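Colleague: Would you mind keeping the following structure in view while I ask a few things?
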Amino acid sequence: MHAHASPWHLLMTAPLNELNWWRRGPADMPDDPPIWRDPPRLLFVAGAVCLIVGSLMPWAVGLDPVARPDSYRPTQGTAEGVLLIAFGVLLLFLARNRIMWETTSRSLQLLPLLLVLVSISMWLGADFYSRQVIEEWVRGGGSGAQTNAPLIVAAGIGAVALAFGWLEWRRPSGVKAQTRPLIAEWGISRWSATAVAVAFGLGLLGAALGVILPALFLGAESMALAVFLAVFGLFIGIGLGLWLVSQLESLAQRRAAAREATRTPDSPAGRRSR
C-alpha cells in the first residue's frame, strides 16, 4: 500500500504502538506469581511504604526559642514529602502485577530510574530544609535534632533502585527482543505527536485542577493537599490522554483495514464491485 509513499509520509502516518506503555511481551509469559515470590514487586512495595511513612514522619524535632515543642515534616514548606508520597502511591500501582517485567516499552522500563533520580532530589531538598529549621531553633535559643525519618525514605529510594537493577538484569529475553530503543519509541509521527500533545494538555489540566480546587474550598492552608492533587491530576491526565489517543488510533486502523478490504480484488466486497 505504501510502495510509492515518501519517507515523510511513512513517518507522519506511523502507528502509535511505539508509545503504548502498557504493551506486553510474548503471549506465552507465565502467570503472575505471588508478590512475596516476585522480588521487584516486593521491592516496589517496600520502597513505597518507606517513602509514604518516612514522608509523613517528622524529619526534625526540638524546642523553639520559647521552649515550645516543634517539628518539621517534608509535607510542609516546599512540600517535597507530598511528591514522595505521590511516588509511593505510583509504585504501589506498578506493583499490582508484572507489567514492569513484561512491558516492551522502554519508557515504562526506565520509569523506576526516573522516580529514583527525582526522589533523590526531593530527599536532598527536604534534608537541607530540615537542617535549616534546626539551625533557626538553635540560633533563637532553642534546640533540635534530626529524626530517623530521612533514613527511612533513603531506604525506600534504595529499594526502588534495587528493583530497577533487578528488572534490567533479569528481564526475559523475549521482552528484550521486542523492546524498541528509547529514541525510536519517541520518534515523531502523526499519532505520537497527537498523543504527546493530548497527554500534555490533559496533564496540565489535571495539575491545575489539583491546585485550584483545594484553594477554592479549603483556602491557603491546603498547600500540601494541593501539591499532592496536582501530581495525582498530572498522572491521571497523562494516562487518560495516552489512552484516548490509542483508542482513536485503533479505530482509525480498523476503518483503514475495512476500506482496504473493499479495494482488494480477491475480497468478497471487491468481487461484488467488479
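Colleague: Can you list residues from other chains, or at least 5 along the same chain, whose modelled amide H is less than 5 Å from the amide H of R73?
Modeller: Distant-sequence amide H within range of R73: W59.
Colleague: Here's another thing I want to ask about it. Could you check the spin-label model distance between A155 and R131? Points 7 Å from the Cα along Cα→Cβ, value in nm.
Modeller: That separation, rounded to one decimal, is 2.2 nm.
Colleague: For L240 and V118 in one chain, what is 0.36 nm times their gap in residues minus the Cα-Cα distance, to one decimal in nm? Provide the component values of the computation, followed by the final result.
Modeller: Values: separation 122, 0.36 × 122 = 43.92 nm, distance 2.29 nm.
Contour length minus Cα-Cα distance gives 41.6 nm.
Colleague: Run the quick spin-label model on N97 and S173: label points 7 Å from Cα toward the beta carbon, then report their separation in nm to one decimal.
Modeller: Computed distance between label sites N97 and S173 equals 2.7 nm.
Colleague: Let me ask something else. Could the peptides 97-103, 146-152 be put in order, highest first, of the mean number of other beta-carbon atoms found within 10 Å of their residues?
Modeller: Values: 97-103: 19.0, 146-152: 17.1.
The densest-packed peptide leads the list: 97-103, 146-152.
Colleague: Given R₀ = 22 Å, FRET efficiency for V89-L216 by Cβ-Cβ distance, to 0.05? Intermediate results must be reported in sequence, preceding the final value.
Modeller: On the way: r = 24 Å, r/R0 = 1.07.
Here the calculated transfer efficiency is 0.40.
FYI, it's all coordinate maths here, none of it is from the lab. All values reported here derive from a predicted model rather than from experimental measurement. Note that we place each Cβ from the backbone using ideal geometry, even for glycine, and neighbour counts take in every protein chain shown.
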